[in-house]
């Protein structure tokens, strides 16, 4: 009975993926900035690179695995009096879902412009242009028509027709960002930084159908977020609250919580990131899904950590035994990449 329930739940999850295509997500959303908003290219660092790996639903069926990587940089501006600068970014992800190895790949180029509106604030606009590819290994599936009344019979026809098991598409998106970063009152915790953004992905509604007979346009994904680093007085501590909201067709995801950062040593800030060594512990909540614990360590230009999803609020809680997924992330920031021509943002 338990095996049947597991299979039924896994099939239901897979059918959900077929019915309403959804984008990937990470529990460390801040470590996958260009999946969050294209205007984040060049917003906070001179040069940065991020790598993410996520594996989930291992306790239910074949795990869903996602790998993401991105890099972005501010373009040098020879005019030291300029009140803005351009930035570019490159983003990639690969997602493998379920027994049928439903695979999604996407490569995107982002371009952004950040305008300094006063001593403490900038406004950025970003454009996302990408190319996606999706495929399905049909032979790995088990279908209802292959149940012979007593058991699964692989010799029976599935009755399923996929005219388009592999296809590609062109993708377009855009975003806007507001960044607030006043002069820090204390070097112990590097003060305050606030980012607020809104973006739309898949605005051209590319076809996303394996059937190939009728158009099945991908829903626009609306992405809104606000995150911050707020130094606590003159202490060597900071809170880093964040809220991320994603809306895609009938689907909605809300992720909110905070990290608590403890600075063990301080050095001169590099490329927008506090130097020295610090540790962060965090707790986040994803609506109707999971409670997420996070841990990260920052050492100079490197920032590495992991997150674990406790599947406490999902309909799959019983079969997953509350085990949702594990995620690891890494960020590398280049120090003063273009010191002689650094933009004034």
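Below is a table of values for the structure above.
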{"read-out": "Residues satisfying the stated conditions in the range 172-219, i.e. part of a strand (DSSP E or B) and closer than 13 Å to residue 134 by Cα", "value": "207"}
{"read-out": "Residue within the range 143-164 that is surrounded by 14 or more Cβ atoms within 10 Å (Cβ to Cβ), modelled with pLDDT of 70 or more and in a loop (DSSP other than H, G, I, E, B) present", "value": "yes"}
{"read-out": "Residue count, the range 50-62 (criterion: surrounded by fewer than 19 Cβ atoms within 10 Å (Cβ to Cβ) and either closer than 23 Å to residue 243 by Cβ or at pLDDT 90 or above (or both))", "value": "3"}
{"read-out": "Selection count where residues are in a strand (DSSP E or B) and under 14 Å from residue 278 (Cα atoms), scope the range 224-241", "value": "6"}
{"read-out": "Residues that are in a strand (DSSP E or B) and either surrounded by fewer than 23 Cβ atoms within 10 Å (Cβ to Cβ) or at pLDDT below 95 (or both), drawn from the range 63-86", "value": "64, 65, 66, 67, 69, 71, 73, 74, 84, 85, 86"}
{"read-out": "Verdict on residue 228 being modelled with pLDDT of 90 or more and within 22 Å of the chain's Cα centre (by Cα)", "value": "yes"}
{"read-out": "Exclusive hit being closer than 22 Å to residue 24 by Cβ and at pLDDT below 95, set 314, 265, 278", "value": "314"}
{"read-out": "Residue list for the range 33-49, filter: surrounded by fewer than 24 Cβ atoms within 10 Å (Cβ to Cβ) and at pLDDT 95 or above", "value": "49"}
{"read-out": "Pairs where the first residue, in the range 167-193, is under 30 Å from residue 203 (Cα atoms) and the second is at pLDDT below 90 and part of a strand (DSSP E or B), C-beta under 7 Å, 6+ apart", "value": "167/134; 169/207"}
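The values are calculated or read from the model by the stated rules, or taken from the named source; none is laboratory data. In this text the structure is predicted, and so the values were computed from the model without any measurement. Every residue, glycine as well, gets a Cβ built from its backbone with ideal geometry; the counts of neighbours run over all protein chains shown.
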